[in-house]
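Take a look at the structure below.
The values are calculated or read from the model by the stated rules, or taken from the named source; none is laboratory data. Bear in mind the structure is a predicted one, so any value in this text is a computation, not a measurement. Cβ coordinates were reconstructed from backbone atoms using ideal geometry, including for glycine residues, and neighbour counts include every protein chain displayed.
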Amino acid sequence: MTIASSSSFVLSQRHLLGIEGLSREDIVGLLDLGEEFVALNRQVEKKRTSLRGRTQVNLFFEVSTRTQASFELAGKRLGADVMNMSASSSSMRKGETLIDTAITLNAMHPDILVVRHQSSGAVALLASKLDCSVINAGDGAHEHPTQALLDALTIRRNKGRIEGLLVAICGDILHSRVARSNIILLNQMGARVRVIAPSTLLPAGIERFGVEVARDMREGLADADIVMMLRLQRERMNGSYVPSVSEYFHYWGLDEKKLSYAKPDAMVMHPGPMNRGVEIDSIVADGVQSLIREQVEMGVAIRMAVLEALSRKLPNA
Amino acid sequence: MLDRGPILLANARIIDPSRDLNIVGDLLIADGVIREAKRGIGAAGVPEGTNVVDCRGKLIAPGLIDMRAFIGEPGAGHRESFASASQAAAAGGVTTIICQPDTSPVIDNPATVDFVMRRARDTAIVRVHPMAAITKGLEGSEMTEMGLLKAAGAVAFSDGEKSVTNAQVMRRSLTYARDFDALIVHQTEDPDLIGDGVMNEGEFAARLGLVGIPKAAETVMLERDIRLVGLTGGRYHAASITCADSLAVLERAKEAGLNVSASASINHVTLNENDIGPYRTFLKLAPPLRAENDRKALVAAVGSGLIDVVMSDHNPQDVEVKRLPFAEAAAGAIGLETMLAAGLRLAHSGEIELPTLLRAMSTRPAELLGLPGGTLKSGAPADVIVVDTEVPWVVDPTELKSKCKNTPFDEARMLGRVVRTIVAGRTVYEYV
């Protein structure tokens, strides 16, 4: 059995390089489409044919488990031929430049390229050299648009809306592409956004992003509907940005006590992978207020929605 | 000598720099706190059992808070213990010692802060609060758990005699400390500019054949720090300013509204490089004694409040590291016991007003560190000193209470000394 897509939604652009530049209609369209795929993914027969004959290449310069798996599954369920390339096995290891990799790939006529790269702006650079559609699966500390979209879908399904909610994003804002994409999306959708972090993990000029800024969890979590925790990389834990894991967890780690400062029905999110006992306590991560597992499910659906929407703009679609 | 009941210090000249009070009157202490300071308390009657002390016009002031003292504990108790340091402090009118973190082990984790506070509580007769390290192991690379350290009792953060040379580490430390309203206290000396230097660079060092330390070693680091304070909005204290050039930097920073304050040591406001004379190693200090015009500028800056704090820089060094050729000798001088007497020289000579001096040694440190002392207001902790400003005496190192005798005021003639020191309402020192 196949559910025919009722939506005739078409994305306004050829690539998905970031949330920046998406209209409210684009976002709502993708979320609605994602909703359909949630239903599809819960069926026994999960296969669609809208990408049949299309080639999707997942080019990951930075290691990833869930994002890469999620994109692979999404492409396969839509009928595309999916090829995974990772930095460790690619010619990049042999010193090939990003542009040369792009030219080489282009010659193979992929239809959709999904790229993750450690440098901000690298995905846009690739897109400028390629004929296919490019999806940003995370570039440096810049953007991770599909993460923000899946977060939005998760929020909308649980709260019934996004507009008017207070979303607290906590942790390493400075290095986080997830935070940047979410801030842009949530602002676009009319949510109130508050970031909470030690000052060392806040980028300069953050107050001009349309967010409230708090350094303290008690103050920052007050009245929050959604508590979105961010991962703190190991190399940033021991004295460079924060003094230690124990101090970070003491002041900024989400435990039951700190969660109690938020609204009683507040929901907890985390883009994964989690550092239990660093930014989040296991009791909270696995608790009734946690949406963390649901986020992963939404991830496949929203990536299918993005692939589907972009495929409708491909030549000969 | 250890009294537990109320004390009335009668007929005294009372100076309270915290509220510009300078009167002749009485001060009543009970239950460890100051009840009141005014004229005629004694005449109006005092609680039964009060120990009435006729001060006969002597000076009463808040107990001194020494913002920079190096104590050997833990790790070098043979140089100085909390017990011996506190005996010296009490004899010098210091009722609160702020000890530095460069001990062994370094005070860079909450457990060591806890140890220091317990040890001091059990063995010291004055109050002791530690500064904790800015960076782990004083290595200048990774910042410490400032939130937990402050919660454990660290009153400020300092890498002791070491400077944080990595500007990125300093930036992040100032930024992080701001979230906890923690004070960063920094020794502003560029180690590369110090090089092999052992005293102030200039003619005198050249004549002695010693390698000099330029003033720029201090000003370069201070200028950098001020820029970083401007960038981060942190709360910053220059630990030991020695020269006029630095004062200009400080003045600009304060005028710009930055949260900046500074200390000078009693040595630098009362001595100069010429006092080194024939290679006297007890006057080898870090940072070094500067020229007379620098000393005069520092005194004027204490007078104007540009220099907020005068501290002892108490640094006990034993004979085997001091009785060496100048260049090889350890730097540092003891000062807890002589700080006030040396300061009184400046007051007697008219270089500085007495209330201003006392403010720099009590009220300002209390304000900067968030301590309740440094004042004689009603309800404040009864940390009080009685000073006979007119008694002449000669510093005899053998009578000093520090374990080490490396005083730069060896055999110096002083005018004025502490005759009674009260901590939390109890007399802990009396000169008879």
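Selection of the range A:75-91 for residues being part of a helix (DSSP H, G or I), touching an Asp or Glu at 6+ places or on another chain (Cβ under 9 Å) and either at pLDDT 95 or above or not polar (S, T, N, Q) (or both) yields A:G75, A:A87. Screening B:H268 against (1) out of contact with any Leu (no Cβ under 7 Å at 6 or more places or on another chain); (2) away from every other protein chain (no Cβ under 14 Å) leaves a single unmet condition, (1).
Would you say A:V284 is under 20 Å from A:I155 (Cβ atoms), more than 14 Å from chain B (Cβ to nearest Cβ) and either of a type in the set (F, W, Y) or not in a loop (DSSP other than H, G, I, E, B) (or both)?
Working: under 20 Å from A:I155 (Cβ atoms): yes; more than 14 Å from chain B (Cβ to nearest Cβ): yes; either of a type in the set (F, W, Y) or not in a loop (DSSP other than H, G, I, E, B) (or both): yes.
It is true that A:V284 is under 20 Å from A:I155 (Cβ atoms), more than 14 Å from chain B (Cβ to nearest Cβ) and either of a type in the set (F, W, Y) or not in a loop (DSSP other than H, G, I, E, B) (or both).
Here the range A:225-247 is the region considered, the condition is being assigned to a helix (DSSP H, G or I) and more than 13 Å from B:Y176 (Cβ to Cβ), and the residue that is nearest to the other protein chains (Cβ to nearest Cβ) is A:S246.
Results for (1) under 30 Å from A:M267 (Cα atoms); (2) of a type in the set (K, R); (3) touching a residue at least 60 places away in the same chain (Cβ under 8 Å), shown as yes or no for each residue.
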{"position": "A:M85", "(1), (2), (3)": "no, no, no"}
{"position": "A:G95", "(1), (2), (3)": "no, no, no"}
{"position": "A:D100", "(1), (2), (3)": "no, no, no"}
{"position": "A:I112", "(1), (2), (3)": "no, no, yes"}
{"position": "A:V134", "(1), (2), (3)": "no, no, yes"}
{"position": "A:A141", "(1), (2), (3)": "yes, no, no"}
{"position": "A:T154", "(1), (2), (3)": "yes, no, yes"}
{"position": "A:N158", "(1), (2), (3)": "yes, no, yes"}
{"position": "A:R161", "(1), (2), (3)": "yes, yes, no"}
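As for the range A:66-74, it holds no residue that is surrounded by fewer than 24 Cβ atoms within 10 Å (Cβ to Cβ) and part of a loop (DSSP other than H, G, I, E, B). Summed over the range B:174-199, residues that are within 14 Å of another protein chain (Cβ to nearest Cβ), touching a residue at least 40 places away in the same chain (Cβ under 8 Å) and among the hydroxyl-bearing types (S, T, Y) total 1. Within the range B:302-321, residues that are more than 30 Å from B:A253 (Cβ to Cβ) have Cβ atoms under 6 Å from residues that are buried (at least 24 other Cβ atoms within 10 Å of the Cβ) and among the aliphatic types (A, V, I, L, M) in these pairs: B:P316/B:I334, counting only partners at least 6 apart in sequence or on another chain. Within the range B:122-156, the residues that satisfy the criterion of being out of contact with any strand residue (DSSP E or B) (no Cβ under 9 Å at 6 or more places or on another chain) and not hydrophobic (A, V, I, L, M, F, W, C) are B:D122, B:T123, B:G137, B:E139, B:G140, B:G147.
Among the residues of the range B:35-52, are any under 28 Å from the mean Cα position of the chain (by Cα), surrounded by 13 or more Cβ atoms within 10 Å (Cβ to Cβ) and outside any strand (DSSP E or B)? Full working, then the answer.
The first filter runs over the range B:35-52 and keeps only residues under 28 Å from the mean Cα position of the chain (by Cα), leaving B:35-37.
Still in the list and also surrounded by 13 or more Cβ atoms within 10 Å (Cβ to Cβ): B:35-37.
Still in the running and outside any strand (DSSP E or B): none.
No: the range B:35-52 contains no residue that is under 28 Å from the mean Cα position of the chain (by Cα), surrounded by 13 or more Cβ atoms within 10 Å (Cβ to Cβ) and outside any strand (DSSP E or B).
Hey, among the residues in the range B:163-173 that are polar (S, T, N, Q) and within 11 Å of chain A (Cβ to nearest Cβ), which one's surrounded by the most Cβ atoms within 10 Å (Cβ to Cβ)? Before you say what the answer is, go through the steps one by one.
Going through the range B:163-173, the residues polar (S, T, N, Q) turn out to be B:163, B:165-166, B:168, B:173.
Of the ones still in play, those that are also within 11 Å of chain A (Cβ to nearest Cβ) are B:166, B:168, B:173.
Details: B:N166: 14, B:Q168: 11, B:S173: 30.
So the residue we want is B:S173.
Here A:G253 meets the list (1) more than 14 Å from chain B (Cβ to nearest Cβ); (2) buried (at least 17 other Cβ atoms within 10 Å of the Cβ) almost entirely, failing just condition (1).
If the requirement is being part of a loop (DSSP other than H, G, I, E, B), at pLDDT 95 or above and within 11 Å of A:M217 (Cβ to Cβ), which of these qualifies: A:Y251, A:Y261? If you could, list the steps in order and put the result at the bottom.
Values: A:Y251 fails: part of a loop (DSSP other than H, G, I, E, B).
After applying the criteria, what remains is A:Y261.
In a residue-by-residue description of the range A:18-36, the property of being buried (at least 21 other Cβ atoms within 10 Å of the Cβ), at pLDDT 90 or above and of a type in the set (D, E, K, R) applies to no position. Considering every residue within the range A:99-114, establish whether at least one is buried (at least 24 other Cβ atoms within 10 Å of the Cβ) and either in a helix (DSSP H, G or I) or not aliphatic (A, V, I, L, M) (or both). Checked the range A:99-114: no residue is buried (at least 24 other Cβ atoms within 10 Å of the Cβ) and either in a helix (DSSP H, G or I) or not aliphatic (A, V, I, L, M) (or both).
Comparison of B:G202, B:G153, B:G212, B:G160 shows that the only residue that is surrounded by fewer than 19 Cβ atoms within 10 Å (Cβ to Cβ), farther than 28 Å from A:A214 by Cβ and away from chain A (no Cβ under 12 Å) is B:G202. Here B:Q317 meets the list (1) crowded, with 19+ Cβ neighbours inside 10 Å; (2) assigned to a helix (DSSP H, G or I) almost entirely, failing just condition (2).
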